[in-house]
Amino acid sequence: DLLQFLGRRNELVPRVVFAHAGEYNVVDVATESPATGLHYHWQLQSQSPFLQLYPTYQHFQEFLRSRVTVELKSVTPPYAHVTTALLSLKMPYEYVQRYFATVIKEPDFDKIRFSRHNPETNGPFFMKVKKSKGSTLETLMTASKKLSRVLYYETLDKFTLTEIEGANPLSFDYFSEHCQFMSTHMILMPPPTDFAQATLLRSCLSEVGVSMDKASSYHLLDIWRGRIYASYGFDEAKKLDKVFEESAEYRLEPIPKLISGVARERQLKVPVSHFQMVNNKVVTHGDPFYLFLSMDDTLDDLLARIRQFLNVSEQAIQDWRIRLVAGDKSSSIKATSLVGDQIDLFLKGRSFNVVETDPMATPFLGLEHAPVPQRRGGPARSTGNDLKLGA
């Protein structure tokens, strides 16, 4: 009679949850008769994500107490809106995965990874919240000690989130010899134990399909905020004990070639970064690179080498200013003397090698201009330069 009254005659209701004196029990309506003085809550047999996430009445009450509106967006610019849902802040990370997997029709829920909202940039944080740390929706929705209503997601291509968090994942971009983005990849390296740089290069080259006989002509760059922090070559002897940082940018590319017709001792390998001055501070941006120059180059020679390396027209860089930079100090490359002499005068005995104790103080050859929008195939990387540079 109750089923008919509820309009549920044609649905199978195998269980009834009843509450009495603060306790909850499950009874089988096929074998037990109702009793007076009890509050009954019917639980339908269903495959809906709602009932999977809240399998008991206690779970549903917890949801009512801690529910929030969650707006799901794509982690890839322009951060398109996907859906909005009411969910409990107490939901474990996996429950959030399962719910949205049903919504976006992703067959493997563990291929979904979330990113928190960064209120300062109005985009996603690059650093990921770890599922394996017992994170909840509240963890995912909290930034700068404030609760957000936006959550970003990406669908992983090759590995599940559990596999990634259980290993030493390395995400890297593959670049051409002209410093042009080609593709994004992920590999799983061993946990932070000693392994050779050559092992790292083999894994990266195998992932992008480069023949191993060309391994010595490639390197992996560790990049942060538009600057080169480290370079890993094909070295069997040099060991790495490294956890790869998700906040960093790693890039696989061919090693730049020496200048033909110039003696090796008259050549200098220099790091080059794009930058602009913001409130009297050097702010680097874009894709840095290594370049060989001649100590006997003039300013015009240097500009020609940069154009050739980047494979761009003279018009594309006509507004760029070439400067030597160290910290927040810089000096223009002048046309009145050789580039090598100006470098010696500026460095005063220092070198372009990375200053490990203070990488931001490492000198570099700077290309001063406003940022140019970058095109990438995968999720955006937050380099920490997401300031309003034009302000």
Is at least one residue of the range 279-295 among the hydrophobic types (A, V, I, L, M, F, W, C), within 18 Å of ARG251 (Cα to Cα) and at pLDDT 95 or above? yes
Could you please tell me which pairs satisfy a Cβ distance under 9 Å, a separation of 6+ or placement on different chains, a first residue in the range 281-307 that is free of Cβ contacts under 8 Å to residues at least 12 places away in the same chain, and a second residue that is surrounded by fewer than 19 Cβ atoms within 10 Å (Cβ to Cβ)? ALA304/GLU314; ARG307/SER313; ARG307/GLU314; ARG307/ALA316; ARG307/ILE317
Suppose the filter is part of a helix (DSSP H, G or I) and open to solvent by less than 60 Å² (accessible area, probe 1.4 Å); does ALA215 pass it? yes
Say whether the condition of being within 21 Å of ALA230 (Cα to Cα), in contact with a Phe, Trp or Tyr (Cβ under 9 Å, 6 or more places away or on another chain) and touching a residue at least 40 places away in the same chain (Cβ under 8 Å) is met by at least one residue in the range 317-328. yes
Any residue in the range 57-70 that's in contact (Cβ under 8 Å) with a residue 12 or more places away in the chain and over 10 Å from LEU89 (Cα atoms): show its pairings with residues that are among the aromatic types (Phe, Trp, Tyr) and open to solvent by 60 Å² or more (accessible area, probe 1.4 Å) at Cβ separation under 7 Å, as long as the two are six or more apart or on different chains. TYR57/TYR24; GLN58/TYR24
Going by what's in this entry, would GLU246 be described as farther than 20 Å from PHE126 by Cα, open to solvent by 20 Å² or more (accessible area, probe 1.4 Å) and of a type in the set (Asp, Glu)? no
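Quick grid of which residues meet (1) at negative phi; (2) part of a strand (DSSP E or B); (3) modelled with pLDDT of 85 or more; (4) touching a helix residue (DSSP H, G or I) at 6+ places or on another chain (Cβ under 8 Å):
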| residue | (1), (2), (3), (4) |
| --- | --- |
| HIS219 | yes, yes, yes, yes |
| ASP222 | yes, yes, yes, no |
| TYR229 | yes, yes, yes, yes |
| ASP235 | yes, no, yes, yes |
| LYS242 | yes, no, no, no |
| GLU245 | yes, no, no, no |
| LEU252 | yes, yes, yes, yes |
LEU140 being of a type in the set (A, V, I, L, M, F, W, C), assigned to a strand (DSSP E or B) and either touching a residue at least 40 places away in the same chain (Cβ under 8 Å) or under 27 Å from LEU170 (Cα atoms) (or both): no
Quick check on the range 186-211: of everything there that is in contact with a Lys or Arg (Cβ under 8 Å, 6 or more places away or on another chain) and outside any helix (DSSP H, G or I), which residue is nearest to ALA237 (Cα to Cα)? ALA196
Hey, can you tell me all the residues within the range 218-231 that are open to solvent by less than 30 Å² (accessible area, probe 1.4 Å) and either of a type in the set (Gly, Ala, Ser) or within 16 Å of PHE352 (Cα to Cα) (or both)? LEU221, ASP222, ILE223, GLY226, ARG227, ILE228, ALA230
Take the conditions free of Cβ contacts under 8 Å to residues at least 24 places away in the same chain and outside any strand (DSSP E or B) and apply them to SER337. Does it pass? yes
Test: residue in the range 146-153 that is within 16 Å of ASP110 (Cα to Cα), assigned to a loop (DSSP other than H, G, I, E, B), open to solvent by less than 40 Å² (accessible area, probe 1.4 Å) and modelled with pLDDT under 95: no
In the range 256-273, residue nearest to the chain's Cα centre (by Cα) [restricted to those that are farther than 17 Å from ARG307 by Cα and crowded, with 16+ Cβ neighbours inside 10 Å]: LEU268
Search the range 274-312 for residues being assigned to a loop (DSSP other than H, G, I, E, B) and under 18 Å from ARG264 (Cβ atoms), and hand back the single one that is least open to solvent (accessible area, probe 1.4 Å). ASP297
Within the range 298-342, can you find the residues that are over 20 Å from SER176 (Cβ atoms) and among the polar types (S, T, N, Q)? THR298, GLN315, GLN318, SER330, SER331, SER332, THR336, SER337, GLN342
Answer yes if at least one residue in the range 65-78 is more than 20 Å from the chain's Cα centre (by Cα), at pLDDT below 95, buried (at least 16 other Cβ atoms within 10 Å of the Cβ) and in a helix (DSSP H, G or I), and no otherwise. no
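Listed here are the residues, each with its yes/no results for (1) among the β-branched types (Val, Ile, Thr); (2) under 22 Å from ARG251 (Cα atoms).
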residue: LEU137; (1), (2): no, no
residue: VAL150; (1), (2): yes, no
residue: MET182; (1), (2): no, yes
residue: LEU188; (1), (2): no, yes
Any residue in the range 175-184 that is open to solvent by less than 40 Å² (accessible area, probe 1.4 Å), more than 29 Å from LEU201 (Cα to Cα) and either out of contact with any Lys or Arg (no Cβ under 9 Å at 6 or more places or on another chain) or in a helix (DSSP H, G or I) (or both)? no
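The values are calculated or read from the model by the stated rules, or taken from the named source; none is laboratory data. Since we're looking at a predicted model, the values are computed, not measured. All Cβ positions, glycine included, derive from the backbone under ideal geometry; neighbour counts span all protein chains shown. Remember, those area values only see protein heavy atoms, side chains included, never the ligands or the DNA or RNA. Shrake-Rupley method; radii C 1.70, N 1.55, O 1.52, S 1.80 Å.
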